[in-house]
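One structure is given below, encoded as structure tokens.
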Ligand code: NAD
């Protein structure tokens, strides 16, 4: 129970990787602020069961992270409910797959807002409290696409490379304050985000959906299997531990060897 008494805020934790991370941190004893979209009743069920199973405080905030004012309200809620945020996991993210000349401008704007700018806002708002407590963990769920590119994902790759820069810069600023700042760079994880891009990739490349999984997604991953959500949650938990206190400013691939090529 390495995180009891601490509070973790995980953006985009109603689904996929974020939900897996929120669950792992609750298991470690942290209070949790859940965030993201989805069916209200289903989210309430998740919230209540996390609180009950792990005997921690869990609140849900429906902030749209494209809206800085809503992010500020979410951070205030964490302050009122639990006395602030000790572990900040920037995870909310979306994807859109299209050739650059056809890439919709509104998709570019949304991806930059959710996958990049939202992390600037959560970080700037969480930092004063972490400095005061002389302890904090900021973990950005970037992507292998923070390290390497793929065609047809111009906004996503740009945003994730931006997250790499944000991670390194803030790590330097907070290095002497007991706060570490790292990015986890997963390869393909079979979540709704990936499921949704399979038909678009098939269309963009003129191939079948089966070919997308075999020849595009897993072609990049030498292990030839999807990364498990639990594997991303495990490294998040490790980064929160005292043993990881000297890891900061790092971009950590969890990609089955993809970025080693
Ligand atoms: P997902 O679609 O399962 O979950 C995304 C979450 O973000 C959901 O909870 C959704 O409600 C939330 N969200 C979306 N827009 C939001 C907004 N405007 N405000 C608040 N919340 C919002 O996706 P996932 O695959 O679990 O992705 C999570 C993160 O992991 C993303 O940043 C993604 O880029 C990254 N990632 C995913 C993979 C993968 O293969 N799935 C690989 C590398 C990195």
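Residue 157 falls short on exactly one of the conditions (1) in contact with a helix residue (DSSP H, G or I) (Cβ under 9 Å, 6 or more places away or on another chain); (2) under 15 Å from residue 182 (Cα atoms), and that condition is (2).
Residue-wise test of (1) more than 19 Å from residue 87 (Cα to Cα); (2) assigned to a loop (DSSP other than H, G, I, E, B).
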site: 195; (1), (2): yes, no
site: 198; (1), (2): yes, no
site: 204; (1), (2): yes, no
site: 210; (1), (2): yes, no
site: 234; (1), (2): no, no
site: 237; (1), (2): no, no
site: 246; (1), (2): no, yes
site: 253; (1), (2): yes, no
site: 259; (1), (2): yes, no
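In the set (1) surrounded by 13 or more Cβ atoms within 10 Å (Cβ to Cβ); (2) away from the ligand (no atom under 12 Å from the Cβ); (3) part of a helix (DSSP H, G or I), residue 97 fails one condition alone, (3). Here 144, 126, 110 are screened, and the one residue that is under 17 Å from the mean Cα position of the chain (by Cα), within 12 Å of the ligand (Cβ to nearest atom), modelled with pLDDT of 95 or more and buried (at least 22 other Cβ atoms within 10 Å of the Cβ) is 144. With respect to the stated conditions, residue 5 is at pLDDT 95 or above, more than 25 Å from residue 196 (Cα to Cα) and either within 16 Å of the ligand (Cβ to nearest atom) or not in a helix (DSSP H, G or I) (or both). All of (1) over 25 Å from residue 218 (Cβ atoms); (2) out of contact with any strand residue (DSSP E or B) (no Cβ under 7 Å at 6 or more places or on another chain); (3) away from the ligand (no atom under 12 Å from the Cβ) hold for residue 136 with one exception: (2).
Being over 20 Å from residue 91 (Cα atoms) and assigned by TED's automatic domain parsing to the domain that holds residue 78 narrows it down to one residue among 51, 42, 30; which is it? Explain how you work it out, then say what you get.
Values: 42 fails: over 20 Å from residue 91 (Cα atoms); 30 fails: over 20 Å from residue 91 (Cα atoms).
Just a single option satisfies the conditions, and that option is 51.
Considering region 27-53 alone, what residues qualify as being under 19 Å from residue 139 (Cβ atoms) and away from the ligand (no atom under 16 Å from the Cβ)?
Initially, region 27-53 is screened for residues under 19 Å from residue 139 (Cβ atoms), giving 27-36, 50.
Of everything in region 27-53, those that are under 19 Å from residue 139 (Cβ atoms) and away from the ligand (no atom under 16 Å from the Cβ) turn out to be 27, 28, 29, 30, 31.
The values are calculated or read from the model by the stated rules, or taken from the named source; none is laboratory data. Not measured: the values here are computed from a predicted model. Positions of Cβ are backbone-derived with ideal geometry, glycine not excepted, and every protein chain shown enters the neighbour counts.
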